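Written below as structure tokens is the structure these notes are about.
The values are calculated or read from the model by the stated rules, or taken from the named source; none is laboratory data. Note that this is a predicted model, so its numbers are computed, not measured. Cβ placement follows ideal geometry from the backbone for every residue including glycine, while neighbour counts extend to all protein chains displayed.
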Amino acid sequence: MKISTKLFAIATLFVGLSATFASCSKTPDTPVTPKIDIEEKTVSFAAAGEEKSVKFESNVDWTITVPADATWATVTPTSGKGGKATVAVKVLKNDGAERSAELTITAGTKSEKITIKQAGAAEVPVGALLFPGADFEDLDVLKAALNTHGLKNAEIAEGGKKGKALKISTDAIEKNTYILTAKCPAGFSLAGKTSISFYVKGSAAKSLSIQVYKADGKYAALNVGDLTGDKTVKPTDKLNDKTGSGMNDYKGNINTNDKWVRVIFDISKISDITTTEGKDLFAIKMGNKAKYDILIDEVTIQ
């Protein structure tokens, strides 16, 4: 064999061994460690409701979720590829107290939180009692302020915001019924008044319906619906075909978690509310076939 041929064979063998060695010694790819960098971890929103952009960066694909109970907030999009990302967070108008929720960004095994906070509605000051006895401190004063139907399925009891309160504690009753109907007091004026309110504490399997009477004897119905915190209620647009008054509705549950919550009834758009002394002015009704265990206190107008 010629020397040149031998040298070529040796060189070829050397290259082959080198390649084999390199392939055997090659290390596997290092796993990517997920990272999430958030530009702003707390984002504040106005009570009126608005949309804001939230920016973050991830080195792997990501998802973002909103808690199931934060139905007032939405995020778009809810997933994306690794890299810089911007999502739109939109919150609805808040008629109650300040609220917050935590959005969760998940990227691989990594997760981070973004807190969104929304301001509460401007607090409506508490005004004067709507009718005598509306603080439920004196049963005789209260009874004198009611129409001939009196007080039904309720009593005055301890445990009010400051002293006593109206207690409604009953098992399922057969028919939707009036708890009370208050008459228009002497000297009653609506000048500058836009709302009626009261406080509620407790739980019930159905809700309450309020009636505000007009000069012609018809009434506007304001249905409370689900109640877990401070709430503003507007008159229903639905009318009773027979009476022409608002349609009462007791759908919803009450559960204030043993706290006092304020329900504000917007009367600013109710025309011709009665101001005639002795006429029916304000009524509270409860639904049938449902258990109630609630306290009501301080019915005021402001």
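Of the residues making up region 212-220, not a single one is out of contact with any strand residue (DSSP E or B) (no Cβ under 7 Å at 6 or more places or on another chain), of a type outside the set (A, V, I, L, M, F, W, C) and free of Cβ contacts under 8 Å to residues at least 24 places away in the same chain. The set of residues in region 234-263 that are in contact with a Phe, Trp or Tyr (Cβ under 9 Å, 6 or more places away or on another chain) and surrounded by 12 or more Cβ atoms within 10 Å (Cβ to Cβ) comprises Lys234, Pro235, Ser245, Gly246, Ile254, Trp260, Val261, Arg262, Val263. Of the strands (runs of 3 or more DSSP E) lying entirely inside region 30-80, the ones with 3 or more residues being of a type in the set (D, E, K, R) are found at 50-58.
When Lys152 is tested against (1) closer than 21 Å to Val261 by Cα; (2) in a loop (DSSP other than H, G, I, E, B); (3) basic (Lys, Arg), exactly one condition is not met: (1). With in contact (Cβ under 8 Å) with a residue 24 or more places away in the chain and not assigned by TED's automatic domain parsing to the domain that holds Val91 as the only criterion, which of Gly192, Gly163 stands out? Answer to the check: Gly163.
Is at least one residue of region 172-184 farther than 17 Å from Lys285 by Cα, assigned by TED's automatic domain parsing to the domain that holds Thr232 and over 21 Å from the mean Cα position of the chain (by Cα)?
yes
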